[in-house]
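To keep things clear, I will list the structure first and then write my remarks on it.
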Amino acid sequence: MPVQPAASGGIPPLARLLGLSGLLPQLGAVALLLSGDPQSRFSALAIAYAYAAIILSFLGGLWWGLAARTDSAPRWLWFASVAPSLIALGTAWPWMVGLRWPGPSLVVLGLSLIAALLVDRTLVRDGIAPDGWMALRMPLSLGLGVLTLLAAAL
């Protein structure tokens, strides 16, 4: 059976639901940080860091997939597609060498997640992303980016 496009906005309702549920791990980490429990602080920060790094890398994979399905993907998109994984890996460097972590790394990840919207907007403008892409990406990138910045501030 052929795949049918979504009725509203090009993004299936299940994708919206699962995407929004993807904010739950970061919400949980922030809630744990807000609880003030000193024994769970490092674990909550580590979870917030790891989840933001994984999702940032995932965004790069999405962009790579969109580039791969486009006959003439712009050259910049291939570079943009690998940047999120490299940024995520780079944010682990302070931890690897014993510097202050994960606060500054969380800031870089949070800002990178929000800045990813610039790539998403360009993908829509150039007709590479599907209809409804920004309606999905806006709350997800802003939501995760803000929650990650909040975790860094707590």
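The values are calculated or read from the model by the stated rules, or taken from the named source; none is laboratory data. It should be emphasised that the depicted structure is a prediction, and the values quoted were computed from it without experimental measurement. For neighbour counting, all protein chains shown are included, and Cβ atoms are generated from backbone atoms with ideal geometry for every residue, glycine included. Surface areas here come from the heavy atoms of the whole protein model, side chains and all, with no ligands, DNA or RNA. Shrake-Rupley method; radii C 1.70, N 1.55, O 1.52, S 1.80 Å.
Quick notes on this structure:
- Among the criteria (1) modelled with pLDDT under 95; (2) open to solvent by 70 Å² or more (accessible area, probe 1.4 Å); (3) touching a Gly at 6+ places or on another chain (Cβ under 9 Å), the one W95 does not fulfil is (3).
- Top-ranked residue of region 52-63 - restricted to ones that are within 21 Å of A92 (Cβ to Cβ) and without any contact (Cβ under 8 Å) to a residue 40 or more places away in the chain, ranked as surrounded by the most Cβ atoms within 10 Å (Cβ to Cβ): G60
- Filter result for F42 (closer than 19 Å to V124 by Cβ and open to solvent by 30 Å² or more (accessible area, probe 1.4 Å)): no
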